[in-house]
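Input: a single structure, listed below in structure tokens.
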Amino acid sequence: MSCTGKKLFTPGPLCCSTEVKAAMMQDLGSRDKDFIDCVKEIRTSLLEIAKVSEDEYTAVPLQGSGSYCVESVLQTTSPRKGARVLVLANGAYGNRMVKMCKYAAIETRHETYAEDVPIPVDEVRRLLEKDAAWTTVAIVHCETSSGVINPVEEVGRLVHRYCAGTVFFVDAMSSFGAVPLDLTAAKIDYLVSSANKCLEGVPGFSYAICRKKHLLSCKANCRVMSLDLVEQHLSLESNGQFRFTPPTHTFLAFRTAIREYRKEGGLEGRAARYRENQRLLLDGMARLGYRRLVHPQHASYIITAFLNPTHANFDFKIFYTKLTEKGKVIYPGKVTHADCFRVGNIGHLFPADMIELLRCVEEVMQEMGLPVPLE
Ligand SMILES: Cc1ncc(COP(=O)(O)O)c(C=O)c1O
């Protein structure tokens, strides 16, 4: 069954199936056995999807959007004294991690790189050769602000080689479950994503996949009680319950979302649909004369940044509003040095949705007096 309402071609919130939304039509108490079983099933499934063992890793869900879990990992893995966090950033979500550390007065090095290409591995190597004394090194897998995919596995191996005992933290918010990432090969200690991304649940919680032994060594680090990932883990392990009111309906929806994910063929099936969605989008947008910000070699199949047309009649606000009126929601750009907008192709979207979007884009261009194709 397809989604109803507007079609969301964004980095999130994203469309979900009718079945996923229907799964929420049930009230459960937080201590209800059905709910506790549901959370347990989800935690186990997340480890299976990540292809890691329950002996080594734990999946810890946390109430709130993706940023909550990112902040939770940064705080929980940073001792109150002596923490030094290195953030490798080539976009808005890397930059946000630095802001989170600053809020918590955690010493941070903000290493910035060009936003339209992957983080250069050689530069990271040179940096780590000079200074390896980091408590955490953090990186974003798919920088959703541009659509660039970062070389997480290579960077992870460098961190492992140069920085003994350093936590390697990956924000895989918009890629987990749809873009392959070998946690073991990449030596990942913590990985974060959220319910309403490639696994296509509804928004409401995020989760961290954590190296269990390390997590248990982080007691009393977190400066904010509600974000303490150790306490969250211990509570779920001891009685299967959350410390504070859990988003019960969101969990019920997510259980259905994971079942749908498996039915589609897991990562391979989902990636195939997203790739096909993007292929149609790219072909169609190229036909209409749009150019991409990121070279195809560096781009994900999650979201695409298109350069704003230079034609005098183009105004993003009008373009966006007219598309929204036709039920198609796209997203503004989020890179610093280029005027662009973004179109996502993840969530419960199918090739027919991409074709319909392209038809609407062409219609809006005509309404705005833009040449088709652009000159
Ligand atoms: C890579 C990445 N990190 C962090 C976030 C923040 O997540 P949220 O907006 O759910 O807090 C996003 C959101 O799209 C993201 O794409």
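Could you say which residue among Ser72, Ser78, Ser45 is assigned by TED's automatic domain parsing to the domain that holds Val98, surrounded by fewer than 20 Cβ atoms within 10 Å (Cβ to Cβ) and of a type in the set (Ser, Thr, Tyr)?
When all the criteria are applied, what remains is Ser45.
Give the residues of the range 117-133 that are assigned to a loop (DSSP other than H, G, I, E, B) and closer than 10 Å to Leu86 by Cβ, sorted by residue number.
The answer is Asp131, Ala132, Ala133.
Given (1) surrounded by fewer than 19 Cβ atoms within 10 Å (Cβ to Cβ); (2) in contact (Cβ under 8 Å) with a residue 60 or more places away in the chain, where does Asn313 come up short, assuming only one miss?
(2)
Filter the range 1-22 down to the residues that are out of contact with any His (no Cβ under 8 Å at 6 or more places or on another chain), surrounded by 12 or more Cβ atoms within 10 Å (Cβ to Cβ) and not hydroxyl-bearing (Ser, Thr, Tyr) and list them by number.
Once the filter is applied, which keeps residues that are out of contact with any His (no Cβ under 8 Å at 6 or more places or on another chain), surrounded by 12 or more Cβ atoms within 10 Å (Cβ to Cβ) and not hydroxyl-bearing (Ser, Thr, Tyr), the range 1-22 yields Lys6, Lys7, Leu8, Phe9, Pro11, Gly12, Pro13, Glu19, Lys21, Ala22.
When you scan the range 281-310, how many residues do you find that are surrounded by fewer than 17 Cβ atoms within 10 Å (Cβ to Cβ) and more than 25 Å from Pro118 (Cα to Cα)?
3
Working only within the range 63-103, note down all residues that are more than 14 Å from the ligand (Cβ to nearest atom), at negative phi and small (Gly, Ala, Ser).
Narrowing the range 63-103 to residues more than 14 Å from the ligand (Cβ to nearest atom): 75-86, 101-103.
Then keep just the ones that are at negative phi; that gives 75-81, 83-86, 101-103.
Of everything in the range 63-103, those that are more than 14 Å from the ligand (Cβ to nearest atom), at negative phi and small (Gly, Ala, Ser) turn out to be Ser78, Ala83.
For every residue, the table says whether it meets (1) more than 22 Å from the chain's Cα centre (by Cα); (2) surrounded by fewer than 19 Cβ atoms within 10 Å (Cβ to Cβ); (3) outside the structural domain of Ala286 (by TED's automatic domain parsing); (4) part of a helix (DSSP H, G or I).
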| site | (1), (2), (3), (4) |
| --- | --- |
| Val335 | no, no, no, no |
| Phe341 | no, no, no, no |
| Leu357 | yes, no, no, yes |
| Glu362 | yes, yes, no, yes |
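The values are calculated or read from the model by the stated rules, or taken from the named source; none is laboratory data. Keep in mind the model is a prediction, meaning the values are calculated, not measured. Heads up, the Cβs are rebuilt from the backbone with ideal geometry, glycines too, and the neighbour counts pull from every protein chain shown.
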